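Read the structure below first, then the notes.
The values are calculated or read from the model by the stated rules, or taken from the named source; none is laboratory data. Remember, it's a predicted structure, so these values are computed and weren't measured experimentally. Heads up, the Cβs are rebuilt from the backbone with ideal geometry, glycines too, and the neighbour counts pull from every protein chain shown.
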Amino acid sequence: MSGSGFGPAPSSAKPRGRGPVVAALMLCMALSAIDGTIVSTAVPQIVGDLGGFSVFSWLFSGYLLAVTVTLPVYGKLSDTFGRKPVLIAGVILFLFGSVLCAAAWNMAALIAFRVVQGIGGGALQGTVQTIAADLYPLKERPRIQARLSTVWATSAVTGPVLGGLFAVYADWRWIFLINLPIGAVALWLVARHLHEPSRVRRAAGAPRPRIDWAGSLAVFATGALLLTALVQGGVAWPWLSFPSLGLLAATALLAALTVFIERRAAEPVIPGWVWRRRTIASVNLALGAMGLLMVAPTVFLPTYAQSVLGLGPIAAGFVLSVMTLSWPVSAAFSNRVYNRIGFRRTAITGMSGALLVLLAFPLLPYPGRAWQPALIMLLLGAALGLFQLPLIVGVQSTVGWAERGTTTASVLFCRQLGQSIGAALFGAVANGVLASRLADAPVPGLPGDLDSVSHALDDPGALSAAATDYLRRAVDAAVDRVYLGAAAAAVVALLVLVFVTPRRFPILTEESDSAPAPGGPAG
């Protein structure tokens, strides 16, 4: 039990109004997931209206950065002051940022307001997952987590479609205004139906909880510098240039300062026990590796589908979206598996399947048919659903209420950080493969990076048939290398599960929510 001074209610207690609260959680999850991708298809209209083409990528990066670096802060705040005030504050801040985005007068203002929106989105992501674990005992937890996984996956994939529809048939500002009615309903449901009085009661004689402002600022600054280096490196400047090396060096110094501050803080934002406890540390590392490998399907598969297979944006989105069909089904089924063989073995089974699927992608024929990568994504979703959910449910069940927010936030933070690292790493891999292939191109003057090649292939009349085929094969080779890199990330996850993760998760009893049960499911 942490030193927050709050007495937890038994985790087996039946919360009042659970149905409306679950509806609110699903709406909050949809808001956060959709806004991570909804802007992508509206970029031409936004740039045409506001300008700023050279910096438009920060519409995505700024939001992702703000969500990621605020997750640990919100996790600690929810453990200290309760989930309800943190979630309400996050929704209000998210909606405020949405209004500001809709009123933006230039690209710089829109990017700044997207950061505001992302700061609120960080509260939505972490707190929603934590409340879900609070509401349901261990046996029922896979059901709510599967619902949230369905909402997340569906929203993330349909976001670009909604963004395109608003941009074409209405105005791009409606991308942000649509959040207001959805967020208002979620806010009303949370305020009216989420009750946690016994969980947030300060124990008699306990010291008043304190906010670690210095640690929060240090965590935020460290994460911001690291993500900026990863997002801009190889894009705005070369990897070995002074800006990249300077940002990475500053990140290392700030990380050391953060550790120094957190070791001396009475209520640290990232407590040392997050990494001292073997179960939590190993789950963080495994899900970080999963975040890294997820870059292959979510970032590079749409490019493959359009540039290599010649599909349109809608058909390319369908190839990716089939993963959202199998993922929640597999996640919902996973409880039957881990109740028999344990959390660890279930996760190993899922990641082993994911490894085989990722290795199969480079074996697809060129140019192939759309059903082939779609089948790969269907199988990958099933494998990752079997991997991720048991680890999240298992690690949440090893801590009491007063530590669950911090634990959940650390898991999500590592997954998000893995995605950021993967985007930078695999982007460099893809562009490196393209550069080597284009060095011997049949015609001079061809584009030299993945984005430029994709744009060139969108205009078939601008290239000869031989040049078009050569570029398609180059993109095919680049994406194949990315999937091999994702397979390497899957191997890292497996090594962590086999050699670091304990065989048995120290599950807390449902009655006490504060002391480990004798064993817990085997792993």
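Quick rundown of the values:
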| quantity | calculated |
| --- | --- |
| Residues of the range 397-409 that turn out to be of a type outside the set (D, E, K, R), buried (at least 24 other Cβ atoms within 10 Å of the Cβ) and either out of contact with any helix residue (DSSP H, G or I) (no Cβ under 9 Å at 6 or more places or on another chain) or in a helix (DSSP H, G or I) (or both), as a count | 6 |
| Residue under evaluation Met107, criteria (1) at pLDDT 80 or above; (2) within 20 Å of Leu180 (Cβ to Cβ), criterion not met | (2) |
| Condition met for Ala424 (in contact (Cβ under 8 Å) with a residue 40 or more places away in the chain and more than 18 Å from the chain's Cα centre (by Cα)) | no |
| Tabulated pairs, the range 289-305, first closer than 14 Å to Leu64 by Cβ, second aromatic (Phe, Trp, Tyr), C-beta under 9 angstrom, 6+ apart or interchain | Val295/Phe426; Val299/Phe426 |
| Qualifying residue in the range 373-389 (condition: in a helix (DSSP H, G or I), surrounded by fewer than 22 Cβ atoms within 10 Å (Cβ to Cβ) and out of contact with any helix residue (DSSP H, G or I) (no Cβ under 9 Å at 6 or more places or on another chain)) | yes |
| All positions within the range 136-149 that are assigned to a helix (DSSP H, G or I) and buried (at least 20 other Cβ atoms within 10 Å of the Cβ) | Arg141, Pro142, Ile144, Gln145, Ala146, Leu148, Ser149 |
| Filtered residues of the range 294-348 (kept if surrounded by fewer than 18 Cβ atoms within 10 Å (Cβ to Cβ) and touching a strand residue (DSSP E or B) at 6+ places or on another chain (Cβ under 9 Å)) | Ile341 |
| Unique match (being surrounded by fewer than 24 Cβ atoms within 10 Å (Cβ to Cβ) and modelled with pLDDT of 90 or more) among Val116, Val86 | Val116 |
| Thr228 vs. criteria modelled with pLDDT of 85 or more and of a type in the set (S, T, N, Q) | no |
